[in-house]
1. What is the distance in Å between the Cα centres of the stretch 1-38 and the stretch 115-135?
2. Roughly how many debye, to the nearest 20, is the charge dipole of the stretch 225-356 about its Cα centre, given +1 on each Lys and Arg Cβ, -1 on each Asp and Glu Cβ, and no other charges?
3. By how many nm would the segment from LEU175 to LEU203 lengthen if fully extended, with 0.36 nm per residue of separation less the alpha-carbon distance?
4. Among rounded, prolate and oblate, which fits the stretch 14-101 when a ≥ b ≥ c are the square roots of the eigenvalues of its C-alpha gyration tensor, a/c under 1.5 means rounded, and a/b larger than b/c means prolate?
5. Over the residues of the stretch 134-240, compute the C-alpha Rg and express it relative to 2.2 N^0.38 Å.
6. Assigning unit charges at the beta carbon (Lys, Arg +1; Asp, Glu -1) and nothing else, what dipole magnitude in debye, to the nearest 20, does the chain show about its Cα centre?
7. What is the percent carbon and sulfur in the accessible area of the stretch 208-256, measuring with a 1.4 Å probe over the protein chains and ignoring ligands?
8. When the dipole is taken about the Cα centre of the stretch 144-209, and only Lys, Arg (+1) and Asp, Glu (-1) are charged at their Cβ, what size is it in debye, to the nearest 20?
Amino acid sequence: MSEDVVIIGAGMHPWGKWGRNFVGYGVAAAQEALRDAGIDWRDVQFVSGAATMRCGYPGYVAGATFAQALGWQGAEVQTSYAACASGSQALTAARSRILSGQADVALVIGADTTPKGFLAPAKGERPDDPDWVRFRVGITNPTYFALYARRRMEIYGDTQDDFARVKIKNAQHGLTNERARYRKAFTMEDVAASPMVANPLRLMDVCATSDGGAALIIASAAYARKIGKMNAPKIAAISTVTPTFASAIIEMPDLATDSAVVAEAHSFRAALPAKAYAEAGMGPEDVSVAEVYDLSTALELDWIEDLGLCARGEAAGLTRDGATRVGGRMPINPSGGLACFGEAVPAQAIAQVCELTWQLRGEAGERQVEGAKVGITANQGLFGHGSSVILKR
């Protein structure tokens, strides 16, 4: 078993709606990560790709696709598909390869070109496909997000203004992030004036779909020392647990919760960081900065609580008090989050780790979290997929 696995390089193609082939975004991100690591592409021994999906079919086998685009050089490859957690599973595969001693250095990569509108399933009659079923009955992603938001309003007393504050905060963070798609400040009035999408969520409360790419170069600590990267951030933990019966809350694409009459109810989202904390030997009190999956403004508040960064029902208060801003007690989404980037599905979990890498190296510029030592991500995909990654200095 090898010693620590560290991140020696990080790279991203800016998010946007570029309309080009996803491979170009991934190659640009990989080349930046290689430059950042100070190694040659031919030094990479393993390529771990997060799958780019089209119409529910993994037609682009990302590991080999990117290896070919960068130039065949004999590296081993694999491809992971786990919906929005694909990037974390790709990172897990590469980390495992290094920990087992089968490789010293690996490329983790994901990129996407997204269609306009919802990330919808393929057309046709497929009643055995739960993703198709939920769209058939009208439960698109924003509908789910709105139900979660309504839950917060009913149980904790959160308001639409509380949700708007999340958007305003993340937009302020993203202003100086050159990789973000949306770099514009918003006011409470701006959010309130945006069209209603799924009550209580307005257009400014939900994230867009985007094109983008992200890549990491990870290596054994011994390899990092050999090339002079002694202070590279360490991957302290990766959690990709599945839900545990019985589910306490409806999770996409389900239409109902499990029966909890004879079984204890569990929170899937809270289980993800719990496993990561246990592996890292840390707790929420150790976290300096978090990148969470703000598909909607209300979901960011859920994640803050799922990460254990405050008690249930207190996340809106933290946001009101400015604690979740850069400079506050617990900065959340200093990158700007999905509010400023949008979803590029195979890339987004990798992008979260890129941001934490720059934060822990003190290279995040105006959005830098002072003295950041431990960072955590939170991410969820369909069909029981999700992830939480912890980095430490």
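The values are calculated or read from the model by the stated rules, or taken from the named source; none is laboratory data. Nothing here was measured: the structure is a model prediction, and the numbers come from that model. Glycine also receives a Cβ, built like all others from the backbone with ideal geometry; neighbour counts cover every protein chain displayed. Just the protein is used for accessible areas: all its heavy atoms, side chains included, with ligands, DNA and RNA removed. Shrake-Rupley method; radii C 1.70, N 1.55, O 1.52, S 1.80 Å.
1. The stretch 1-38 and the stretch 115-135 have Cα centres spaced 30 Å from each other.
2. Values: 10 positive and 17 negative charges, 154 e Å.
Value, rounded to 20: 740 debye.
3. That works out to 8.2 nm of additional length.
4. oblate
5. 1.52
6. Working: 38 positive and 42 negative charges, 154 e Å.
It comes to approximately 740 debye.
7. Carbon with sulfur: 55 percent of the solvent-accessible area.
8. Values: 11 positive and 8 negative charges, 56 e Å.
So the dipole magnitude of the stretch 144-209 works out to roughly 260 debye.
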